[in-house]
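Enquirer: Below are the structure tokens for one structure; questions will follow.
The values are calculated or read from the model by the stated rules, or taken from the named source; none is laboratory data. Note that the structure is a prediction, hence the values are computed from the model and not measured. Backbone-built Cβ (ideal geometry, glycine too); neighbour counts: all protein chains shown.
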Amino acid sequence: MDNAQNFYHQPTSLQSNSNKNQTSRNIQQFRLQKNSNLAWSTSSTTTTAIYIIQINLAKSKVATAHLETLASEININHFLVQEPYVKEGKIAGVQRKWHQWLSGNNKAGIISLPSTNNPIFICSTTNLTAIKIQAITGPVNLISANSSPYAELQDTAQDLANLLTNTGPEQALFEADMNAPSTLWGDANNSPEQTSWKTSSLSSSFTC
């Protein structure tokens, strides 16, 4: 089972869209608002929607190359990806002018299109990578993570907890494939590791 999870940090300031033209069950689409009058502006207009898609690409060259078509069809600004097709340390099959960041193990990535200016790189660890963008409500940190193999779950959770501590009260959108059975996303039972991860890392900061 593919366990793709998404969480909002301080979720009342973010809005989600239902999935339209969804090409697979692994795609999730979100919309944030951004304002050019704020610091770190990423738009030339006063208020514009920011579209974000999360997708597990299963290390497929064809699926990764399809992101360009998907971006043109749905007007995407950011992709939060897990298991992209990587060649020579880069997400292969996407345009060179697209900004991209990878986790240390190449299993989690973020792609920002030119339609969003000046995304700010925060950090990459073994299992996650993060950038900062500007929304109408203030800075928003976009985080992509992949915990595979399953034994790395606690390391990923600790990296996430450290990142949230360092970024303080800023909002965060966290997209991950954690490979952790949980009733939170439809499994019959919770794993002990998943329960510990949810307790230690999410606490009261996230809502699914």
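Enquirer: Checking Asn105 against (1) crowded, with 17+ Cβ neighbours inside 10 Å; (2) under 17 Å from Thr156 (Cα atoms), which test does it fail?
Expert: Among (1) crowded, with 17+ Cβ neighbours inside 10 Å; (2) under 17 Å from Thr156 (Cα atoms), the lone unmet condition for Asn105 is (1).
Enquirer: Scanning region 73-93 for residues that are in a loop (DSSP other than H, G, I, E, B) and in contact with a Leu (Cβ under 6 Å, 6 or more places away or on another chain), which turns out surrounded by the fewest Cβ atoms within 10 Å (Cβ to Cβ)?
Expert: This residue is Glu83.
Enquirer: Now, a different point. Going through region 122-162 one residue at a time, which ones are β-branched (Val, Ile, Thr) and in contact with a strand residue (DSSP E or B) (Cβ under 8 Å, 6 or more places away or on another chain)?
Expert: Those that are β-branched (Val, Ile, Thr) and in contact with a strand residue (DSSP E or B) (Cβ under 8 Å, 6 or more places away or on another chain): Ile122, Thr129, Ile131, Ile133, Ile136, Thr137, Val140, Ile143, Thr156.
Enquirer: Can you pull out every residue in region 128-155 that is touching a helix residue (DSSP H, G or I) at 6+ places or on another chain (Cβ under 8 Å) and part of a helix (DSSP H, G or I)?
Expert: Tyr150, Leu153, Gln154
Enquirer: Give me the pairs: first residue in region 135-157 and more than 20 Å from Val81 (Cβ to Cβ), second residue assigned to a strand (DSSP E or B) and at pLDDT 85 or above, beta-carbon distance under 9 Å, and six or more apart or on different chains, which are they?
Expert: Every condition considered, the pairs that remain are Ala135/Gln171; Thr137/Gln171; Gly138/Gln171; Pro139/Ile120; Pro139/Lys132; Pro139/Ile133; Pro139/Gln171.
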